[in-house]
Amino acid sequence: MSDKLLKVSEVADILRVSQMTVIRKCRDGSLPFIRVGSMRRIKEADLEYYILNPNKKPKASEPERPVYVGPPADQNGFDLARS
């Protein structure tokens, strides 16, 4: 499968359910989606995983966390131990 993004209506047609059912599956986390503006889009690969494993929630990837790589606190003016 490709990384093609599908509309909610397209996914509803494929699964033969209503669009509201697809939206509920997105809300409860069982069907991952991407927001494009105010619209939801579902990757074909995620839909395939959902079809093959309907009772499993997909494992969410850990979000990247920013790492501070500046100078130590005593060198950038934030040393609180100064008297």
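Residue separation of Asn55 and Ile23 scaled by 0.36 nm, minus their Cα-Cα distance, works out to 9.9 nm of gained length. Count the net charge of all other residues whose Cβ sits under 10 Å from the Cβ of Arg40, scoring Lys and Arg as +1 and Asp and Glu as -1. Cβ neighbours under 10 Å give a net charge of +4.
Per the Cα gyration tensor, the range 5-52 maps to an equivalent ellipsoid with semi-axes of 14, 12, 11 Å, ordered largest to smallest.
Every read-out reported here was derived from the displayed coordinates using simple, explicitly stated rules and does not represent laboratory data. Remember, it's a predicted structure, so these values are computed and weren't measured experimentally. Reconstructed Cβ throughout: ideal geometry from the backbone, glycine too, with neighbour counts over all protein chains shown.
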